[in-house]
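**Q** Dropping a structure here in structure tokens format, bear with me for questions.
The values are calculated or read from the model by the stated rules, or taken from the named source; none is laboratory data. Since this is a predicted model, take the numbers as computed values, not measurements. Counting neighbours? That spans all protein chains shown, and the Cβs are built from the backbone with ideal geometry, glycine included. Side chains included, ligands, DNA and RNA excluded: accessible areas come from the protein's heavy atoms. Shrake-Rupley method; radii C 1.70, N 1.55, O 1.52, S 1.80 Å.
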Amino acid sequence: MLITNARLADGRTVDLRIADGVIASVAPVHDGPSTDVTAESAAEEDTIDLGGWLLLPAMAEPHAHLDKALTAEAVPNPTGDLRGAIDAWISAAEAGMFTHDDMVRRIRSALDKLLLSGVTAVRSHINCGSGSGIRHLLAAQEASAPYRDLMHIEFVALTHSPISGHGSEANQAALRDAIDRGVDLVGGCPHLEPDGPGAIAASLAAAEASGLRTDLHVDETLDPTMLTLRDLAQAVIDRGLEGTVAASHCVSLGMQPLDVQAAVAAEVAAAGMAIVPLPQTNLFLQGRDHPVATPRGLTAIGALRSAGVLIAAGGDNVQDPFNLVGRSDPLETAALLVMAGHVLPDEAYDMVSNNVRRVMGLAPVRFEPGAPADFVAIDAVSIREAIADATADRKVFRAGTLVAESAVARTVHR
């Protein structure tokens, strides 16, 4: 594969030769075709001329809920808050609304949206526990099978509460079944558990015993007295699991005084944990009880970055009771990081691309020989403009192969 006339974020226009899924060479384009690209060599290769489009590392989604996606019409959330979303989902599940075939169809639609946006790696939390067992996981695995050559896909067993203590037997059994079935990570919500530290211990023990990593929903609340993140960081250090755990949401950290933010961020860094803020859903759900000076529902991004913590931002829920909107486009996430998180555009783009790949254990995309050939080409002049306009004109490459593209025609009739 030969990709010609690609404009990089640093302003260079280059030709890239791809071999075996990685970049084989990067050659500058000056006043005409690169001397490395002769007519004869181009004729012998599959060639795509980007015509000066901006070529960026492909985007990635670190926190989806594919089994819930695209249910907003069928499962309304009348209160708009987190409790309303949970209650609406439980009621719909108990009514039998989520059949296997329905989940397969919706998950494939959601994966299509992500791929067309430029996502070549996705991690999705999938409900697992009493009542449904691993039914959602089985649907997700079936739905994702045709996409395995197009995207890197990981599933997290989002284990129902409680996961420890009295009443946890069915949930623990479902988690064991999910692990046996090949789930990629152990998940859960320790801040919602009767025994938060016990739930953390149970989740980490299950992951450690099975050789899996862990990604937990943590402190999805504006209540400053809730700081499960600190317990999780200490448990990770005590068990020697540094570098294997991600914590998503961590909203209450943003409500702490600056000295507490700095102290907890240092503990998270020492545990080698990644933090996954989720602006779309948390801006929607959080703060409804604060009509004056409404908090933004984001974690302490500044303090975490200052401590050297890896931050990878995601879209979370998309058009379901937990988030009525959402475009399955990480550029939307990046835009909210800029506007609500006060992150500069280039840094925001890293948080929805290479930083996510690092969280997933994937090599980052650099425009140099040997780097993965996962790209998105966008008709934009800069990362800032790409985030601002979020044009649908995109070409998506996985391992050097064009796997998706979209174009929109717009005309002003003056």
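**Q** Distance between the C-alpha centers of the stretch 345-414 and the stretch 259-329? Whole Å please.
**A** 23
**Q** Show Asp112, Asp346, Asp15, Asp289 ordered by accessible area, largest first, where the area counts protein heavy atoms only and the probe is 1.4 Å.
**A** The most accessible residue leads, giving Asp289, Asp346, Asp112, Asp15.
**Q** Right, another one. Calculate one ³J(HN,Hα) per residue across the stretch 299-310 by plugging θ = phi - 60° into the Karplus curve 6.51 cos²θ - 1.76 cosθ + 1.60, and present them in order as whole Hz with x for glycine and proline.
**A** 6, 7, 4, x, 5, 5, 5, 4, 7, x, 6, 6
**Q** Nearest 10 degrees, 0 to 90: what angle lies between the long axis of helix 135-144 and the longest principal axis of the chain (Cα atoms)?
**A** The two axes meet at around 0 degrees.
**Q** Further question: In whole angstrom, and with the biggest value first, how far do the Cα coordinates of the stretch 99-252 range along each principal axis?
**A** 41, 32, 29
**Q** What is the antiparallel percent of DSSP beta bridges lying wholly in the stretch 85-159, to the nearest 5?
**A** 10
**Q** By average Cβ neighbour count within 10 Å, what is the ranking of 318-326, 57-65, 213-221, 192-200 from highest down?
**A** 57-65, 213-221, 318-326, 192-200
**Q** Could you pull the accessible area for Leu116 with a 1.4 Å probe, rounded to 10 Å²?
**A** 80
**Q** Taking the Cα centre of the stretch 100-214 as origin, sum charge times position over the Cβ atoms of Lys and Arg (+1) and Asp and Glu (-1), and report the length of that vector in debye to the nearest 20.
**A** 320
**Q** Relative to the present Cα-Cα distance, how much length would full extension add between His166 and Leu8 at 0.36 nm per residue of separation?
**A** 51.3 nm
**Q** Also, quick follow-up: When the Kirkwood hydrodynamic radius is evaluated over all pairs of different C-alpha atoms of the stretch 244-396, what value in angstrom, to one decimal, is obtained?
**A** Evaluated on the stretch 244-396, it is 16.4 Å.
**Q** Then there is this: Looking at the chain, what % of its DSSP beta bridges pair antiparallel, to the nearest 5?
**A** Close to 45 percent.
**Q** I need the shape label for the stretch 322-414. Rule: rounded when a/c is under 1.5, else prolate if a/b > b/c, else oblate, with a, b, c from the alpha carbon gyration tensor.
**A** oblate
**Q** Helix 169-181 against the longest principal axis of the chain: what's the angle in degrees, Cα atoms only, rounded to the nearest 10?
**A** 20
**Q** Output the relative contact order of the chain, whole-number percent, from Cα pairs under 8 angstrom with separation of 6+ residues.
**A** With pairs under 8 Å counted, the relative contact order is 20 percent.
**Q** With a ≥ b ≥ c the root eigenvalues of the C-alpha gyration tensor of the stretch 70-119, is it rounded (a/c under 1.5), prolate (a/b larger than b/c) or oblate?
**A** oblate
**Q** I've got another one for you. When the helix-only estimate is applied to the chain (DSSP H runs of n ≥ 4, each -39,500 (n - 2.57), divided by the residue count), what is the mean residue ellipticity at 222 nm, nearest 500 deg cm²/dmol?
**A** Computed mean residue ellipticity for the chain: -10500 deg cm²/dmol.
**Q** With r as the distance between the Cβ atoms of Ala173 and Ser382 and R0 = 35 Å, compute the FRET efficiency 1/(1 + (r/R0)^6) and round to 0.05.
**A** For R0 = 35 Å, the calculated efficiency reads 0.10.
**Q** Around Ile153, which amide H atoms from residues at least 5 apart in sequence, or from another chain, sit under 5 Å from its own amide H, with H modelled in the peptide plane?
**A** Long-range HN contacts for Ile153: Val122.
**Q** In whole Hz and in residue order, list the ³J(HN,Hα) couplings for the stretch 398-411 that follow from phi through the Karplus curve 6.51 cos²θ - 1.76 cosθ + 1.60, θ = phi - 60°; x for Gly and Pro.
**A** 10, 6, x, 9, 5, 10, 6, 7, 8, 8, 10, 9, 10, 9
**Q** Another question, then. Whole number please: convex hull volume per residue, Cα atoms of the chain, in Å³.
**A** Roughly 161 Å³ of hull volume per residue.
**Q** For the pair Asp46 and Ile237, what calculated FRET efficiency results from E = 1/(1 + (r/R0)^6), where r is the Cβ-Cβ distance and R0 = 41 Å, to the nearest 0.05?
**A** 0.25
**Q** Turning to a different aspect of this structure: Could you derive backbone 3J(HN,Hα) for the stretch 260-267 from the dihedral phi with the Karplus parameters 6.51, -1.76 and 1.60 (θ = phi - 60°), listing whole Hz in sequence and x where the residue is Gly or Pro?
**A** Those phi angles translate into 6, 4, 5, 5, 5, 4, 5, 5 Hz.
**Q** Roughly how much of Thr79 is accessible, in Å² to the nearest 10, using a 1.4 Å probe?
**A** 80
**Q** Name the long-range amide H neighbours of Ala380: under 5 Å, sequence gap of 5 or more, or other chain; modelled H, no Pro or chain starts.
**A** Leu54
**Q** Between Gly182, Gly287, Gly297, which gets the highest mean-square fluctuation from a Gaussian network model of the chain, Cα cutoff 10 Å?
**A** Its mean-square fluctuation being the largest, the pick is Gly182.
**Q** Residues of the chain: accessible area per residue at 1.4 Å, in Å²?
**A** Per residue, the chain has an accessible area of 41 Å².
**Q** Starting from the Kirkwood Rh over alpha-carbon pairs, what translational D in µm² s⁻¹ does the stretch 184-293 have by Stokes-Einstein at 10 °C and 1.306 mPa s?
**A** After rounding, the answer is 112 µm²/s.
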